[in-house]
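Peer 1: So that we are looking at the same thing, I have put the structure below in structure tokens.
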Amino acid sequence: MKNLTLSAIAVLLFFVVAPSQLKAASPTERISVTEAKTLVEPRATVLQARLDELKAMDKSDMSFSEKRQLRKETRSIKKEMAQINGGVYLSVGAIIIIVLLLILIL
């Protein structure tokens, strides 16, 4: 009985892992980083440019209050970019929990 259980688990794992390896082996259309940036809104590109400027700044000469203002500006830019991009991101674990809950409810 123990061998049968272990064999069944091994077969299930093989079927779960094998398709992802097959998919990973086949090359797909790739979008370069420059093409991906052209697809975003113009406001997002302006915000990203400002973030790059803020990262490149030399902050060693700045006072504490100036650094605080830069941090606040960075946070506000990141919040605005998150609103522009939108979308809901779910992890695999969250999807599994949702499916299990739906199975239990239905």
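Peer 1: Does Leu70 qualify as being part of a helix (DSSP H, G or I) and over 26 Å from Val46 (Cβ atoms)?
Peer 2: Values: part of a helix (DSSP H, G or I): yes; over 26 Å from Val46 (Cβ atoms): no.
For Leu70, the condition - part of a helix (DSSP H, G or I) and over 26 Å from Val46 (Cβ atoms) - is not met.
Peer 1: Hey, another quick one. Determine if segment 81-90 includes at least one residue that is open to solvent by less than 90 Å² (accessible area, probe 1.4 Å), closer than 29 Å to Glu41 by Cβ, out of contact with any Leu (no Cβ under 7 Å at 6 or more places or on another chain) and β-branched (Val, Ile, Thr).
Peer 2: Yes.
Peer 1: Just to be sure I understand, how many residues within segment 91-102 are of a type in the set (Gly, Ala, Ser) and open to solvent by 60 Å² or more (accessible area, probe 1.4 Å)?
Peer 2: Residues meeting the conditions: 1.
Peer 1: Would you say Ser65 is out of contact with any Lys or Arg (no Cβ under 9 Å at 6 or more places or on another chain), modelled with pLDDT of 90 or more and of a type in the set (S, T, N, Q)? Talk me through it step by step, then tell me what you get.
Peer 2: Working: out of contact with any Lys or Arg (no Cβ under 9 Å at 6 or more places or on another chain): yes; modelled with pLDDT of 90 or more: yes; of a type in the set (S, T, N, Q): yes.
Spelling it out, Ser65 is indeed out of contact with any Lys or Arg (no Cβ under 9 Å at 6 or more places or on another chain), modelled with pLDDT of 90 or more and of a type in the set (S, T, N, Q).
The values are calculated or read from the model by the stated rules, or taken from the named source; none is laboratory data. Everything numeric here is computed off the predicted structure, so don't read it as measured data. Reconstructed Cβ throughout: ideal geometry from the backbone, glycine too, with neighbour counts over all protein chains shown. Calculation scope for accessible area: heavy atoms of the full protein, side chains included, ligands and nucleic acids excluded. Shrake-Rupley method; radii C 1.70, N 1.55, O 1.52, S 1.80 Å.
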